[in-house]
Amino acid sequence: MNSAMNAVVLLLSIFVSSEAAVTWRDCVPPTTAHPYVTFTSVSVSPSPVVIPGNITIGVRGSVHHNFGKDVRMVVHMDKYLLGVWTKVPCNSNVGSCNYDNPCEFLSAFATSGTCPPQLEAHGLPCTCPFNPSDINLPPSVFEVKTINAAWSWLATGKFRVQAEMIHGHDIVGCFHVEMDIKRTGGHGFIFG
């Protein structure tokens with residue numbers, strides 16, 4: 001699996017889960033008249049997620065509007081350290097980052113001309129633009145073999161993440177999750 005796919009699976013595993021030890025919610029504000037994306041069910045196993053390793057991800061929801069480069073994304077990520085939630089700074093496009101064009105993050109799939117087979121098998125796109133459709137990814141296994149060295153300290157611990165899709169000044173998509181991630185093969189004093 002290429003590094004772009006590993007990054008997407010790692011982000012998905014951070015952003016989604018419905019295991020008992022993990023909570024998630026669709027956090028589109030009730031004042032948003034026309035959300036672009038909503039989620040009705042999400043699952044990730046095992047819990048905690050163990051990286052490297054196999055991660056099973058399932059997602060149900062809807063894309064309600066066409067969107068692509070007209071949407072930006074703001075991600076707020078915190079890690080539980082020494083008894084307090086601590087903001088994770090943006091590093092190599094992971095952490096509390098602002099993405100003016102999140103489509104660029106998916107450009108590796110456009111360049112290769114193929115989406116992950118788990119998505120293709122269910123007719124789900126992985127590149128921009130996105131068109132109105134149902135999202136139905138039954139639990140599917142993704143293998144994460146390696147972690148980018150810049151992210152290795154992130155691959156263990158308790159996290160909370162909120163990702164907001166913004167069009168103009170409106171939040172048109174939002175997802176919040178709290179979960180645990182465990183990294184095998186190496187430990188540090190502060191970061192796990």
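Between His34 and Thr86, the FRET efficiency from the beta-carbon distance, with R0 = 45 Å, is close to 0.80.
Less than 29 Å apart at the alpha-carbon level, and either on another chain or at least 8 residues along: which lysines does that give for Lys79? Excluding near neighbours in sequence, the set is Lys87, Lys145, Lys158, Lys182.
Every number in this text was worked out from the coordinates using simple rules, so none of it is lab data. Predicted, not measured: the structure shown is a model, and the values here were computed from it. Note: ideal-geometry Cβ built from the backbone for every residue, glycine included; neighbour counts use all protein chains shown.
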